[in-house]
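S.K.: Quick one: this structure, given as structure tokens, is what I'll be asking you about.
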Amino acid sequence: MLYASGRCAIVTGATSGIGAAIARALAARGHALLLVGRRQDEGAALAEALSVNGTSARFLAADLSDRAAPEAIIQAALAAFGRVDVLVNNAGILTPGRADDTTDASWDQMMDINLGAVFRLSRAALPALRAQGGAIVNIASDWALTGARGALAYAVSKAAVAQLTRCMALDHAAEGIRVNAVCPGDTDTPMLAAGLSGKARAEALAAYGAAIPMGRVGTPEDVARVTAFLASDAAGYMTGALIPVDGGMSAG
Ligand SMILES: NC(=O)c1ccc[n+]([C@@H]2O[C@H](COP(=O)([O-])OP(=O)(O)OC[C@H]3O[C@@H](n4cnc5c(N)ncnc54)[C@H](O)[C@@H]3O)[C@@H](O)[C@H]2O)c1
């Protein structure tokens, strides 16, 4: 993997799960980091833990439903590091439901965070990315690629992120900005089997894993490695790609 010394990456939803793993992976590859999330204590602790061996990590508390957040995030990155090379749009929410048990409020919230916030922060990042070229990596879902049962609004929002990824890739390719998406399958984070703990959660994860061709659910690190690859110069001729990281689930 190419070393990214001197480059700055922004990671949203960095205080838990896949986002925290992406932050660790990008730090290990030499990025300066602006971590974004809602939980000040967890975010500050992660930034401190990553600020070793020459890595500089900062945390900014922000709610991505706030229309002022994107500009504040970009300005914070520029103030701290003077540039933005990588934006990882990772934050997301899932409220299960079919059409007949999805409320207007739940639909609107998933579209706003999973799709709208990705659009708004990507738009705000464009001038800084354009300055030297860069990469946006969107964390979509394998449900962006296939239908899903019982997660209507979530799956629709992620499919729209896939289309946003392709369209922005085309619009900004000539500006040296690559836009790709990772499409995780079931991954062992607080989002999966939410509400279960202990033995019940372990049994649920085993059952999910048994339905996956590779026989297990993913780890946050499985997703983080591919994200770091797409952010790096090793993926320098890739844009508009939707990469499943799902143990083969979407292949069938
Ligand atoms: N875990 C899975 O099985 C799975 C599968 C496919 C895709 N994904 C996607 O991976 C991404 C990361 O999810 P995860 O599994 O790590 O779950 P998670 O719940 O641990 O992480 C989601 C993060 O997004 C943050 N977030 C949510 N709303 C926010 C808001 N309004 N403002 C700022 N931050 C906000 C949360 O605080 C949290 O840190 C999400 O986009 C999710 O849809 C997860």
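The values are calculated or read from the model by the stated rules, or taken from the named source; none is laboratory data. The structure displayed is predicted, hence computed values, not measured ones. Every residue, glycine among them, receives a Cβ derived from its backbone with ideal geometry; neighbour counts consider all protein chains shown.
S.K.: Just to be sure, is Ile73 surrounded by 17 or more Cβ atoms within 10 Å (Cβ to Cβ), within 15 Å of the ligand (Cβ to nearest atom), in contact (Cβ under 8 Å) with a residue 24 or more places away in the chain and closer than 28 Å to Gly218 by Cα?
M.R.: No, not satisfied.
S.K.: Still on this structure, please answer the following. From (1) in contact with a His (Cβ under 9 Å, 6 or more places away or on another chain); (2) crowded, with 17+ Cβ neighbours inside 10 Å, pick out the condition that doesn't hold for Arg130.
M.R.: So Arg130 meets the others, but not (2).
S.K.: Restricting attention to the range 182-234, which residues are charged (D, E, K, R), surrounded by fewer than 19 Cβ atoms within 10 Å (Cβ to Cβ) and either under 15 Å from the mean Cα position of the chain (by Cα) or closer than 21 Å to Ile22 by Cβ (or both)?
M.R.: Answer for the range 182-234, where residues must be charged (D, E, K, R), surrounded by fewer than 19 Cβ atoms within 10 Å (Cβ to Cβ) and either under 15 Å from the mean Cα position of the chain (by Cα) or closer than 21 Å to Ile22 by Cβ (or both): Arg216, Glu221, Arg225, Asp233.
S.K.: Report, by residue number, each residue of the range 141-199 that is outside any loop (DSSP other than H, G, I, E, B), of a type outside the set (Gly, Ala, Ser) and near the ligand (Cβ under 9 Å from one of its atoms).
M.R.: Listed by number, the residues that qualify are Asp142, Trp143, Tyr154, Lys158, Val161, Val182, Cys183, Pro184, Thr187.
S.K.: Continuing with this model, one more query. Out of Leu26, Leu33, Leu78, I need the residue that is surrounded by 14 or more Cβ atoms within 10 Å (Cβ to Cβ), more than 11 Å from the ligand (Cβ to nearest atom) and over 25 Å from Val226 (Cα atoms). Which one?
M.R.: Leu78 is the lone residue from the list that is surrounded by 14 or more Cβ atoms within 10 Å (Cβ to Cβ), more than 11 Å from the ligand (Cβ to nearest atom) and over 25 Å from Val226 (Cα atoms).
S.K.: Does the range 102-112 include one or more residues that are surrounded by 18 or more Cβ atoms within 10 Å (Cβ to Cβ), among the aliphatic types (A, V, I, L, M) and at pLDDT 95 or above?
M.R.: Yes: one or more hits.
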